[in-house]
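Here the structure is laid out as structure tokens; the discussion comes afterwards.
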Amino acid sequence: AIVRIKAFSVNYADVTIRWGLYESAIKYVGYPICPGFDFAGVVERVGPGASVQDGDTVVGITFFGAYSERVLVPCHQLFAVPKGMSIAQAAALPSVSGTALHALALAGLWPSLPASRNRAVLVHSAAGGVGS
């Protein structure tokens, strides 16, 4: 799908790209590079059998390029903007929520809760998008 970007987020990974330290940016794209992973916008064009339609307002994630006016991204990386959420809020959601879910999965707390409910989670160094 081609999505006209209305908002994008700035994550720590984007900063490391700008510093020239993000390994996959160096390996798979090279420099110059357009940073950006998370975005929200409006679908402008899709191919046949797509899960989204022209005009849909979506939030998505891509490997680089979200700091653009438009991005070409597979439809399975696009989701409807949740009701009551602004475009800007939606654009800030994908990477940080995925990181938080990954941390919960590593702790054995997602996708299903452990048998014991007597577990505590300590969140330290809670700063930036993931911790706030």
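Being closer than 29 Å to Pro111 by Cα, out of contact with any Gly (no Cβ under 7 Å at 6 or more places or on another chain) and either open to solvent by less than 60 Å² (accessible area, probe 1.4 Å) or not aromatic (Phe, Trp, Tyr) (or both) holds for only one residue in Gly60, Gly36, and it is Gly60.
Of all residue pairs spaced 6 or more apart or on separate chains, those with beta-carbon atoms under 8 Å, a first member in region 46-63 that is closer than 19 Å to Gly36 by Cα and a second member that is surrounded by fewer than 19 Cβ atoms within 10 Å (Cβ to Cβ) and of a type in the set (Phe, Trp, Tyr) are Val58/Phe79; Val59/Phe79; Gly60/Phe79; Phe63/Tyr28. Kindly evaluate Ala88 against the criterion of being in contact (Cβ under 8 Å) with a residue 40 or more places away in the chain, outside any strand (DSSP E or B) and in contact with a Ser or Thr (Cβ under 8 Å, 6 or more places away or on another chain). Considered against the rule, which asks whether it is in contact (Cβ under 8 Å) with a residue 40 or more places away in the chain, outside any strand (DSSP E or B) and in contact with a Ser or Thr (Cβ under 8 Å, 6 or more places away or on another chain), Ala88 comes out as no.
Scanning region 100-127 for residues that are open to solvent by less than 70 Å² (accessible area, probe 1.4 Å) and at pLDDT 70 or above yields Ala100, Leu101, Ala103, Leu104, Ala105, Ala107, Gly108, Leu109, Pro114, Ser116. The set of residues in region 1-33 being outside any helix (DSSP H, G or I), open to solvent by 80 Å² or more (accessible area, probe 1.4 Å) and not aliphatic (A, V, I, L, M) consists of Lys6, Phe8, Tyr31, Pro32.
The values are calculated or read from the model by the stated rules, or taken from the named source; none is laboratory data. These numbers come from a predicted model, not from an experiment. Neighbour counts run over all protein chains shown; Cβ positions are idealised from the backbone, glycine included. Heavy atoms of the whole protein, side chains included, go into the accessibility calculation; ligands, DNA and RNA do not. Shrake-Rupley method; radii C 1.70, N 1.55, O 1.52, S 1.80 Å.
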